[in-house]
1. Using the Cα centre of region 215-354 as the reference point, and only Cβ charges (+1 on K/R, -1 on D/E), how large is the resulting charge dipole? Debye, rounded to the nearest 20.
2. What FRET efficiency would be calculated for the residue pair residue 284, residue 328, taking the C-beta separation as r and a Förster radius of 35 Å, to the nearest 0.05?
3. What number, in nm² with one decimal, is the all-direction average of the projected area of the convex hull of the alpha-carbon atoms of region 127-244?
4. Report ³J(HN,Hα) in whole Hz for each residue of region 306-311, in order, from the Karplus equation J = 6.51 cos²θ - 1.76 cosθ + 1.60 where θ = phi - 60°; Gly and Pro get x.
5. Quickly work out the residue 125-to-residue 483 label distance, labels modelled 7 Å from Cα along the C-beta direction, and quote it in nm with one decimal.
6. Lysines within cross-link reach of residue 63: Cα-Cα under 27 Å, excluding same-chain residues under 8 positions apart?
7. If you wrap a convex hull around the C-alpha atoms of region 417-486 and split its volume per residue, what is the figure in Å³?
8. Out of residues 5 or more away from residue 344 or on other chains, whose amide H comes under 5 Å of its own, with H placed 1.01 Å from N in the peptide plane?
Amino acid sequence: MTLDLSPRARLGLAAAALVLVAGVIGYGAASLGQREAPVPAAENGRKVLYWYDPMVPSQHFDKPGKSPFMDMQLVPRYADEAAGAAGMAIDPSRVQRLGVRLATAETGTLANTLTATGTIDFNQRDVAVVQARSGGFVSRVYARAPGDVIGAGAPLADLLVPEWAGAQNEYLALRRTGDPALARAGRQRLALLGMPAGTIAAVERSGRPHNVVTVSSPSGGVIKTLGVRAGMSLAAGQTLAEINGLGTVWLNAAVPEALAGRLRPGQSVGATLAAFPGERFAGRVSAILPDVQAETRTFTVRIELPNRGGRLRPGMFASVDFGSDGRSALLVPSEAVIRTGTRTLVMLALPGGRYQPAEVRTGAEGGGRTEILAGLAPGEKVVASGQFLIDSEASLAGIAARPIAGAAPAAPAQPGGYETVGRIDRIEGGSITLSHQPVPALQWPAMTMTFRLADPALARGFKAGDRVRFRFDQAREGPTVRSLAREGGR
């Protein structure tokens, strides 16, 4: 059937068709827009609480995008990361890429062995000095030279002392008088002139003067210096020779200054020398010298060793073993310890793939393991490889380190008050923003929040980044900080 429509009717029908088509297109676009619109509150099936810049973690944003502080994308904070669980969650695949390796804090025997190296030296306490007691002349020498090893009583030189000849003749004349008092006075004069007792006895036995005296070594050892030659004149008190004994020697060992507290005088040690393989020489620490070598940061430990047969010679190289106490201690691998300069940390591996830094106090180190004095319990797991990367991420995320006192030290300080630790994010007039640890008494998880300051002067001397212990109460105006004390920072 054909309708004969006027031009005006046809124009109306065309306009209606256009309206219908526009409506259909608008509906489709609206439906498509509804299907493609992002849902900012969820991502990968996990609820997003807010977005933040890792460099400024205290500032929160309600939608993703680029950070206004740095040229980087904002990072989401998920609800399951702030549900009261301590630490920071890291995806297992990422942990594997970082090469994270775990170790368990366990009680064991610390290999507290201390060894050092040193050199043999003369015992400077065993030195004899030979001097001329009166002026005279050297009439004979006995072919000695510096470095010679001689025994006790070995002759060094014959000296002619003219002064002694006249004094001896007077003494003999006094003896012939038969007066004992005069004889004693004459003998005493000989002794005061420095005449050896053996020479005086020889004069008494022979009845004639002995003006030539033989100078001998008072002890055995090595001649360090020899200042006597045939024909030379001598003055009273002039040094003829120095003899260093060899019955004992010193072993001077260089020990790192960090180990100074582990040594004491009188301690028994053992030494081995390349010259005598398989043989161990026992000695004792005779002195710990007070000065430290600035170049090597070592101090000298003086060890006295018996030298039977004179086999130990000055200049020989030796290895020293100061022994080991083998005591029991809580140990972790030394590579797991992070020393920041202000405190010492380890990275705890918590259940559920979470990680948290923990402050510890360390003791001695030996055999690749470090003693933990406080801050860890036996059985806790720490990160032994890759911990520096995880610690950097924890710092950027504002994760507070567990203090030595415990994981959650929050407790009521007084009726109506609560105490915990945290890190200052911002101070503004009468308020302070803190990233604090959980408060179990209030069932608060670890979070970042702003508190009122009971007195703005409480924040004087503090700055953003400081780690503090603070007490607050639930005042009508909101949570109010009543006291603030520095806890130490990382």
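1. Working: 15 positive and 9 negative charges, 33 e Å.
Taking the Cα centre of region 215-354 as origin, the dipole is about 160 debye.
2. 0.80
3. Approximately 7.1 nm², given one-decimal rounding.
4. Here the 3J(HN,Hα) series is x, 10, 5, x, x, 6 Hz.
5. Result for the modelled spin labels: 5.5 nm.
6. Partners found: 47.
7. On the way: hull volume 5.0 nm³, N = 70.
Taking the convex hull of the Cα positions in region 417-486, it is 72 Å³ per residue.
8. Result for residue 344 returns 360.
Bear in mind these aren't lab numbers, they're just calculated from the coordinates by the rules spelled out. Just so we're clear, the structure is a prediction, and the values are computed from it rather than from any experiment. Heads up, the Cβs are rebuilt from the backbone with ideal geometry, glycines too, and the neighbour counts pull from every protein chain shown.
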